[in-house]
Every structure is written in structure tokens, then in C-alpha cells.
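The block underneath contains the structure these notes are about, expressed in C-alpha cells.
The values are calculated or read from the model by the stated rules, or taken from the named source; none is laboratory data. Predicted model, so just to flag it, every value in this text is computed and none were measured. Quick reminder, even Gly has a Cβ in these numbers, built from the backbone with ideal geometry, and neighbours come from all protein chains shown.
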């Protein structure tokens, strides 16, 4: 029934700019991923007591139920995918839902989101945030790298000291220098 | 304690200059994020949570309430002028409102939406004033099994109502529940699914998941499918203001929209999608000029916009009286209460009456402020859209980092941000709803606690769960809720199909 309500929109998408044509997308890995996650939770539940003396259920039961539910739902999803379930990307301001993905832009943004993992503990918040800002700007089509870094640096420094004043600790300015 | 006296006392707190200041900040910030793409009320409140250490709880919640209401006003502005409904609640407003704007009646549509929001917000707040204490009174006698049943109902409704597929709705819900069990079990003190990481013992904060799903996920998603259109602001906002005829045609839809929006918003199912669809369908049926629908009927702006705002006030009823969040924004509001060591629910009205009533009084104040901020200044707000997108989304990521890193400067938090952000991207591409994740995450541990308490009291007998008539009927409703999508798709089709073919193509 949900398919019914979606039909007009997806038909329209096919008609317009995207050209995501004939072959239905079959993202098997989605269902597999959900099942895998359920399996991890089930595995985590094994070492926990399922029952308790007084409360009848122990700390493990909820985890087991969630793991089971994820496995079953993942199975449902695979079944739907096998039957040609449609996955229309969500509408968003600024985004063309039907358009093919621009992988360069996407990966640039991924690097921006992942960069803190590498540099936050050594280079600190202001530097990391400035670089991430410039990377996101680049992913969104800006080609003025130097200007982007300067704007990012100003924003990061203002955010760093502004939030520090409000009592939010964002670590040392440049941790590697203060060690 | 009578509601009126308490409310007057609330006003005496909300009208203090410092609280008026926070209400103003909240309203302005809310309108801004309502207008801006990529950032909404839930994300804004989540990013401001760390600041709560510096502000008194009353002031903080007055600000948050301003953000909640303000985002509704801002959202209707962009739907009317640019046909970009920021959230599902303003989809119907965009339908007729944008047509009006294209026909040179943008100013009338904007005024109708703003005044409708004001009327609905005020009436709904009035309803909240009298309904909330009454419900809180009833909630005193709720046992753990009743709460558990209520939460199960909330889970199924949220999973079923939000998004387009029940399977994906439930997957989203269970992802949230799964993240919710990570950390130390509150009852036995055993570590669950921490994968040997001491940082995970405290569990995963709602803020991290919310910020990652909304800010990081949205940034990745929009980056990959960026519509690089040059910023164009309102060629459409001009035209005549509301005529006497417009007033006459809008007045009843405002009231009907409020009557539809508030009760549905107050249900555990919550959300603003159903009431706006419903209001739109009702207005088209009752209109003397049904042929105008799809071509800019002012009733189609007035009704849904009122319903949207009334529903926003409605979600505060279960949140304040039962501690039950029914939307992403109310989930983060619940987290804010917990930050202050407060647990919303019947006892909140007793233990923190000042806070609750100041919050409710501030909703009246905020509505007046928002009307003043939005009616004459709408041109100013729309200018926010001129911010170049590369800088807007860059800034969103920087603030996301502040929100996540500022929590406890933990590397594991950054890892969570990265992974959950990627998940947020995938969920957008494959159309999984986001809100159920957050509801599951924050409500899951509470539901588990109630379940274990109920069973402990019942000495392990599972029949305890249906032992009270209330719990039994709530669980029955939860099963019935599975049928909601049928109703929803009917409503949707009724609302979308009939007026002049398919109005969505106009985008």
C-alpha cells in the first residue's frame, strides 16, 4: 500500500531529469547489513543472563529480542528487495533526489566528516574544523581554497572561544604543541 | 492547584526581562533555522544542549520552546515562496501557498500562514494549559505496565507513521533500540555491547546520534546530489495583502485546523503529517470553491498551517505529562530535561511547577513575538537563503563537531559521529525515516525499565502486562496502529490526486 502512494512521484522522477532507468535497484547489502547487525547484538546477548531471579527477565533478554527483530526485519527487507521494492531517495532542500550521486563530492564530504578522527587529538579543534569546513565547501562546488580555509579558520576560532566561554570544553587549541 | 492561577504565576516568570530575552533569542533562532535548509529545530536544540550548563533550566526551556515554534513559522515561509517544504508538516502549505505566490498573492499567503500559526499556536497553548494538568493528574495512577504499553504504542505508531514503508520504519526504530542498550544496564550494572571500550559504558548520547544523522548525514547526502542553483530570493513575495475576502475565507480553516492538529499532535503517534493532510482534505471538501484547490486556494494554506502549529503544541502534552516524546524535536527536549536531572511526567508539575508553567506561559509570549518577527520582517528572513551553500553546509559540519566533541572530548564520540553520519546518508538514499531511530534510542531504555519493573511486581507473570484495562487497550491499539498506513495513503491520495491532476509536478 505504501508502494501505491509512492507511485506518482517515482513515475515522475523517471520522466524528469534523472534517467535512473529500467533495471530496478536491488540493494541486497542493506538487508544483509541489518541482519549482520542483528547477529552482532545476538552474539553480545549470549554472554548476558537472560533471566533474573526476581524480575523474571535479565539484562540480556532485551538485547536478544532486539537482535532477533533486526535479523527478521533484515529478512523482510531482502524479501522486499527481491520483489522489486522501490527506494526513492528522500526529498531535501538543495538536493535533487532523483539525480545520480556525484561521488567526488560525496567522498570529499566523507573525508571532511572523518578528518576529526585523525587530527582532532593532535591538531585540535580550530585547525581540524577549519580544514573540514574548506573540504565541505569544496564538495559543494567552491573552488577558492584559500578563501574557504580563511573563512573556516575564522568560524572555527570564533566557535572555539565562543563555546569555551559558554562552558563547553573543546580541548586544547593545538594539543600537540601544548604537550 | 488551578490551571489559571498557575498560568498567571508562569507569566510572572516568563515576562521577566531575562526570560523575554531568551524567548526572543529562541524565536529568532527558530525562524532562522526554519528558513535555512539543512538545519531544523531538533538539530538546533541538540547543538545548544551543552550550553545548558550555563543557563537556568527555565530560561533554557523558554529558548527551546521559541525554537520549536519559530521553526514552524520559518518553514512555512520557504514552502510558500520557494516551494521547498523543509519538513513533512509544511508539505501541504507548499501545495497551495506556492501557487498563490506564483499568482502574485505571496504576501497574502505569507500573512495567512503567519496569522494562522498565531491563532492556532495560541488556541493550542490554551488547550495545553488546561489539558496537561488534567492528564498529569490521571498519569499519577499509571503503573509500570501502563507506561510500558504506552511506550509500545508509541513505538509502533512512530515506526508506522513516519516514512513510506513499515519495514523500513521498524528497522529505523530497532536501530535506535539497539543503540539504546549499549552501555551499563541500569538495573544490574552489567556492561552490554560495549565491545571492550570503557567510553561506551555510559551509552551513546542522543545528541551524538541526532547530530550525526541530521547534520552529517544531510551534509553528505546533499553534497552527493547538490542542486547547484544560484540563490534566488523572493520574486514572489509581493502582491496585495490579505483582503477582507481572504480573512473571511481563512478564519474557519484556522479554527478547524487547530481542532484537528492539537488532539492528533497530542496522541502518542504524534507527528504533524497526519493532521496537515487531514486538514487539507477537510478544507477541500468543505470549500465553496473546490475547483480553486491546486491553483492557490487560501483555505489550503490556512487549514494545514494552523494544523501544523497546533500539532507542535500538541506534542508537548505527552512530553510534559507522560515523559513520552513523539517526534525528533520532543526526543531532544526530553534529553534536555534529563540533562538538568528532571524527568518529565506527572511529578514534574508538582516538583517543578514553576518551570512547567513558565514554559507554557512563554509559549503565549513566543507566539506574539513570532507574529511580530515574521509579519513585517519576512523579507529579511528570506535573505538568509542568500548564504552560499558551500559555507552553509561547511558551517553546519563545524557546529556538528562542536556538538559532538564538546560533549566529552572523546575520540569514540567522533567515531560514532562518522559511522552514524554515514548511516544517515544511507538512510536518506534508501528512504528510511530518521525520527524512529531517535525515539527508539531515548525511549528504549525507559521502556525496558518499565517492563522489568512491571514483571518484578508481577513476579515474572507475563500476564501482568495486560492486567490493567488501560495497558490491555493500549497494547491492542498498538496492534491496530499497524493498519495506519492504509489510512494514510488514502488520505494522501485524496489530498493530492484530485485537484487538477498531480500538483507535485509544479515543482
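Reported count of residues in the range B:160-181, each being assigned to a loop (DSSP other than H, G, I, E, B) and more than 9 Å from chain A (Cβ to nearest Cβ), is 1. Is it the case, given these coordinates, that residue A:89 is at the interface with chain B (Cβ under 7 Å from one of its Cβ atoms), surrounded by 19 or more Cβ atoms within 10 Å (Cβ to Cβ) and in contact with a helix residue (DSSP H, G or I) (Cβ under 6 Å, 6 or more places away or on another chain)? Spelling it out, residue A:89 is indeed at the interface with chain B (Cβ under 7 Å from one of its Cβ atoms), surrounded by 19 or more Cβ atoms within 10 Å (Cβ to Cβ) and in contact with a helix residue (DSSP H, G or I) (Cβ under 6 Å, 6 or more places away or on another chain). Of B:65, B:42, all but one fail to be more than 17 Å from residue B:320 (Cβ to Cβ) and crowded, with 21+ Cβ neighbours inside 10 Å; the exception is B:42. Of all residues being within 23 Å of the chain's Cα centre (by Cα) and more than 7 Å from chain B (Cβ to nearest Cβ) in the range A:135-148, which is nearest to residue B:227 (Cα to Cα)? Just the residue, please. Only one residue tops the list, namely A:138. Residues in the range A:109-126 that are at the interface with chain B (Cβ under 7 Å from one of its Cβ atoms) and not in a loop (DSSP other than H, G, I, E, B) were compared, and the one that is nearest to residue A:164 (Cα to Cα) is A:125.
Where helices (runs of 4 or more DSSP H) sit wholly within the range B:338-418, those with at least 2 residues that are touching a helix residue (DSSP H, G or I) at 6+ places or on another chain (Cβ under 8 Å), closer than 23 Å to residue B:31 by Cβ and at pLDDT 90 or above occupy B:353-374, B:389-408. Does any residue of the range B:218-238 turn out to be under 21 Å from the mean Cα position of the chain (by Cα), within 11 Å of another protein chain (Cβ to nearest Cβ) and closer than 25 Å to residue A:101 by Cα? Yes, the range B:218-238 has at least one match.
Within the range B:182-217, the set of residues being within 23 Å of residue B:446 (Cβ to Cβ), facing chain A (nearest Cβ under 9 Å) and part of a helix (DSSP H, G or I) comprises just one member, B:212.
Annotation note: of A:105, A:129, A:56, A:39, the sole residue that is out of contact with any strand residue (DSSP E or B) (no Cβ under 8 Å at 6 or more places or on another chain), part of a helix (DSSP H, G or I) and at the interface with another protein chain (Cβ under 8 Å from one of its Cβ atoms) is A:129. Can you find even one residue in the range B:169-188 that is within 20 Å of residue B:261 (Cα to Cα) and either under 20 Å from the mean Cα position of the chain (by Cα) or surrounded by 24 or more Cβ atoms within 10 Å (Cβ to Cβ) (or both)? No, every residue in the range B:169-188 fails to be within 20 Å of residue B:261 (Cα to Cα) and either under 20 Å from the mean Cα position of the chain (by Cα) or surrounded by 24 or more Cβ atoms within 10 Å (Cβ to Cβ) (or both). Being in contact with a helix residue (DSSP H, G or I) (Cβ under 6 Å, 6 or more places away or on another chain) and at pLDDT 90 or above is a description that does not apply to residue B:233. The single condition from (1) facing chain A (nearest Cβ under 8 Å); (2) outside any helix (DSSP H, G or I) that residue B:432 fails is (1). In this structure, does residue B:203 turn out to be more than 22 Å from residue B:89 (Cβ to Cβ), at pLDDT below 95, touching a helix residue (DSSP H, G or I) at 6+ places or on another chain (Cβ under 9 Å) and surrounded by fewer than 16 Cβ atoms within 10 Å (Cβ to Cβ)? No. In the condition set (1) under 23 Å from residue B:451 (Cβ atoms); (2) more than 9 Å from every other protein chain (Cβ to nearest Cβ), residue A:28 is compliant with all but (1). Just one of the numbered conditions (1) under 23 Å from the mean Cα position of the chain (by Cα); (2) buried (at least 21 other Cβ atoms within 10 Å of the Cβ); (3) over 19 Å from residue A:30 (Cα atoms); (4) at pLDDT below 95 is not true of residue A:128: (4).
When each of B:115, B:135 is tested for being surrounded by fewer than 23 Cβ atoms within 10 Å (Cβ to Cβ), in contact (Cβ under 8 Å) with a residue 60 or more places away in the chain and closer than 23 Å to residue B:299 by Cβ, the lone residue that passes is B:115.
Please pick out the residue among B:122, B:78 that is away from chain A (no Cβ under 13 Å) and either buried (at least 22 other Cβ atoms within 10 Å of the Cβ) or farther than 29 Å from residue B:447 by Cα (or both). Steps first, please.
Values: B:78 fails: away from chain A (no Cβ under 13 Å).
Checking each option against the conditions leaves just B:122.
Each residue in the range B:400-413 was checked for being surrounded by 23 or more Cβ atoms within 10 Å (Cβ to Cβ) and at the interface with chain A (Cβ under 7 Å from one of its Cβ atoms), and 3 pass.
Evaluated against (1) touching a helix residue (DSSP H, G or I) at 6+ places or on another chain (Cβ under 7 Å); (2) buried (at least 19 other Cβ atoms within 10 Å of the Cβ); (3) modelled with pLDDT under 95, residue A:28 falls short on exactly one condition, (2).
On the given criteria, is residue B:491 crowded, with 22+ Cβ neighbours inside 10 Å and either modelled with pLDDT under 85 or at the interface with another protein chain (Cβ under 10 Å from one of its Cβ atoms) (or both)?
On the way: crowded, with 22+ Cβ neighbours inside 10 Å: no; either modelled with pLDDT under 85 or at the interface with another protein chain (Cβ under 10 Å from one of its Cβ atoms) (or both): yes.
Criteria not met by residue B:491.
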